[in-house]
Amino acid sequence: MNILPANVTKITKSDSFILLELACGNSIFTSLVLESSESDEYTLGENVNILFKETEVMIATPDSKVSARNSFVCPISDIEMGVLLCNIAFDFDSYIIHAIITKNALLELECEKGESFRWFVKSNEVSIQKI
């Protein structure tokens, strides 16, 4: 599980959905949350953790355009290659973000340690943990 500390910077509500903008260092993440109870109330400036699974992180070349708002270009710090799957570690502002992709995708993208690639995660795959 990828876990990043963040701060709530914007809250937009519509029907039963909440779109949160979250500052993690100099980067902004978004999370689309289904509002279910009063305990889901968020406040501006609130400190939270951003959580998302390694299997929800997708990667692309740095110049690729993607529709995901949570899209960042970072260097690859490590690659663990398995028979079917690979674990790619990205150096994101002193945090390590892990992505698990197929070995075929890794080879097709020609990923190498030290090179920069785009990693992204859809807003509805980002969970928020109150701290």
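Residues in the range 1-41 that are buried (at least 16 other Cβ atoms within 10 Å of the Cβ) and more than 20 Å from K53 (Cα to Cα) were compared, and the one that is modelled with the lowest pLDDT is I18.
The set of residues in the range 103-116 that are assigned to a loop (DSSP other than H, G, I, E, B) and surrounded by 12 or more Cβ atoms within 10 Å (Cβ to Cβ) comprises C111, E115.
There is at least one residue in the range 51-74 that is over 14 Å from W119 (Cα atoms), at pLDDT 95 or above and surrounded by fewer than 18 Cβ atoms within 10 Å (Cβ to Cβ). A single entry from I79, I88, I100 fulfils the requirement of being at pLDDT 95 or above, over 26 Å from T9 (Cβ atoms), buried (at least 16 other Cβ atoms within 10 Å of the Cβ) and touching a helix residue (DSSP H, G or I) at 6+ places or on another chain (Cβ under 9 Å): I88.
The values are calculated or read from the model by the stated rules, or taken from the named source; none is laboratory data. Keep in mind it's a predicted model, so treat the numbers as computed, not measured. Don't worry about glycine lacking a Cβ; one is built from the backbone with ideal geometry, like all the others, and counts go over all protein chains shown.
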